[in-house]
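Inspection log for the structure reproduced underneath, given as structure tokens.
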Amino acid sequence: MSLKIDAHHHFWDLTRSEFDYSWLSAPGNKAICQTFLPDTLADHIQTVGVDRTVLVQTQHTFLENDWALQLAEDTDYIAGVVGWVDLTAMDVEQQLLRYMDHEKFAGIRHITQDEPDDDFIIRDDVCRGLGILEKHNVPFDLLFYVKHLHHAQQLAVQFPELPMVIDHLAKPEIRIQRFDNWESNLRAAAKAPNIMCKLSGMVTEADWKNWTPADLKPYIEIALEAFGPERCMFGSDWPVCELASSYRDVYQALADTVGTLSDNELENIFGATANRFYRLGL
């Protein structure tokens, strides 16, 4: 198999006062309310044979972009960094150009799920920013809840040349095995060739204490049927996954579920799709 890539993980450093980690103090987050840096993840990826990773933003600040890109420079296994720019700013293009020349800059994400306005991502000022991303062919991560997923269809029509990926399958309600408010919109999004899907973040949408791979399987199968392996990619969502599972168990749950696929299909899911989407050049 070609290089294995974890297309979605994070780092944070609680000793850095310039970042807002207040969300980590929320009830239930004790397991991840600590510093997570490259040395720790290195041990995890080695146990499952992952070769390279994509580091994804958690802050709406350029300071994290700079910090993450420095980490990537100092860490061989980090192949790309998904950062942030202010999509609503008039100088968004200048913000973007500041990072585009960096060898490991891979894309942009906004934490859309936390916006008070459920229609934030289709606002005129935000769409102007997305148009700048499209102009420069910069991949964009869609961090949605189920309630936002219907917007993906509109974005695909408005920005047909903008590479987009749905993080965490848009967080379906796996804990209660609900499909009716999610599946049709995911399938509709999949009809757009410029939208892909991360097979990530599922364990924290399941029952944290009692989930099994069988709980995840129907959601994985729907995503694979809709997008095809050539537009699906593995992501650990580490260290968030530590709320419900170890890195190894997250990886193994997906590997076991898709184990009957062909070698080519597995190569796409576990590396080639992410390599193409983020233009990692591996």
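In the chain, the calculated helix contribution to ellipticity at 222 nm averages -10000 deg cm²/dmol per residue, counting -39,500 (n - 2.57) for every DSSP H run with n ≥ 4. For the options Q158, Q113, Q59, a Gaussian network treatment of the chain with springs between C-alpha atoms closer than 10 Å singles out Q158 as fluctuating the most. When the chain is treated as a Gaussian network with alpha carbon springs shorter than 10 Å, the biggest mean-square fluctuation among L14, L96, L133 belongs to L14.
Here the residues D51, D237, ranked from fewest to most Cβ neighbours within 10 Å of their Cβ, fall in the order D51, D237. Pick from W208, W84, W182: which residue has the top mean-square fluctuation in a GNM of the chain where Cα pairs under 10 Å get a spring? Taking springs between Cα atoms under 10 Å, the residue moving most is W208. How high is the FRET efficiency from Q94 to N210, r the C-beta distance, R0 41 Å, rounded to 0.05? It comes out at approximately 0.25. Excluding same-chain neighbours fewer than eight residues apart, the lysines reachable from K209 by a Cα-Cα span under 22 Å are K30, K171, K217. Note on the range 32-277: Cα Rg divided by 2.2 N^0.38 Å, N the number of residues, gives 0.96.
Spatially, the range 1-64 and the range 166-208 are offset by 22 Å when compared through their Cα centroids. Counting neighbouring beta carbons within 10 Å and listing from fewest to most, the residues T58, T35 come out as T35, T58.
The simple spin-label model puts a point 7 Å past each Cα toward its Cβ; for E73 and S2 those points are separated by 2.9 nm.
Bear in mind these aren't lab numbers, they're just calculated from the coordinates by the rules spelled out. Computed from a prediction, not measured in an experiment: that's the story for all the values here. FYI the Cβ positions are ideal-geometry reconstructions off the backbone, even for glycines, and counts take in every protein chain you see.
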